[in-house]
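Heads up, the thing below is written out as structure tokens.
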Amino acid sequence: MSATASDEKPARRRLLVVLPLAVFLALAALFFFRLGSGDPARIPSALIGHPAPETNMPPVPGLLARDGKPLAGIAAADFKGAVTLVNVWASWCIPCHDEAPLLNTLAEDTRIRLIGINYKDQPDNARRFLGRHGNPFAAAGADGNGRASMEWGVYGVPETFLVGRDGKIAYKLVGPITEANLERVLKPEIEKALAAQP
């Protein structure tokens with residue numbers, strides 16, 4: 001056996017060990033860079049530009065609107081003709097407590113409708129939550145098993161979707177509404193949706 005043939009075997013073995021490790025490190029660096037370089041609230045959604053899901057949800061039992069009347073559930077037709085902010089929330093969600101005052105502020109803007117999807121929650125807890133924080137919603141659907149939220153592409157709560165007058169999803173915010181992202185992102189997106197022709 002020649003010296004070159006015997007030298008090739010250890011070199012080939014080293015290559016078989018080093019190559020997968022190099023590929024793994026390159027992929028890890030790419031994932032780390034992509035996750036760390038953007039706004040985590042701006043996770044792209046495949047639903048942007050598409051009609052809001054055809055989901056009908058019953059009302060949260062016993063939940064009352066601001067005028068004291070029973071609050072309606074959600075029907076697919078609710079998303080046509082008005083700019084609508086759809087907030088996915090739950091009483092057990094800590095960030096939902098933090099964003100509640102901002103939702104009440106948004107509800108004062110009569111140019112938009114706020115609709116809530118109550119995600120995997122107990123009706124008593126949902127009523128107590130809105131009793132404590134105020135009810136910003138014109139309608140709120142009970143999504144007890146989470147199926148409707150899955151159709152919306154929800155990763156977790158809270159999440160907020162902006163639906164244009166044409167019934168198409170214009171924007172998605174993952175995570176809570178904060179004073180910073182409300183001013184920097186959400187309000188400009190709302191203004192854009194209001195200015196768009198149906």
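The values are calculated or read from the model by the stated rules, or taken from the named source; none is laboratory data. This is a predicted model, so every value here is computed, not measured. No Cβ is skipped: glycine too gets one built from the backbone with ideal geometry, and neighbour counts run over all protein chains shown.
Residues of region 140-167 that are touching a Pro at 6+ places or on another chain (Cβ under 8 Å), assigned to a helix (DSSP H, G or I) and of a type outside the set (A, V, I, L, M, F, W, C): 151 alone.
Which members of region 101-120 meet the condition of being surrounded by fewer than 22 Cβ atoms within 10 Å (Cβ to Cβ) and of a type outside the set (S, T, N, Q)? Matches in region 101-120: 101, 102, 106, 107, 108, 109, 111, 112, 113, 114, 120. Does residue 70 count as surrounded by fewer than 18 Cβ atoms within 10 Å (Cβ to Cβ) and either modelled with pLDDT of 95 or more or aromatic (Phe, Trp, Tyr) (or both)? Answer is no for this residue. Of all residues in region 83-130, those that are of a type in the set (D, E, K, R) and either part of a strand (DSSP E or B) or touching a Cys at 6+ places or on another chain (Cβ under 8 Å) (or both) total 1. Of the residues screened, residue 170 is one that is in a strand (DSSP E or B), touching a residue at least 60 places away in the same chain (Cβ under 8 Å) and within 12 Å of residue 52 (Cβ to Cβ). Filtered by the rule that a residue be of a type outside the set (A, V, I, L, M, F, W, C) and under 20 Å from residue 55 (Cβ atoms), region 78-107 gives 78, 80, 81, 84, 87.
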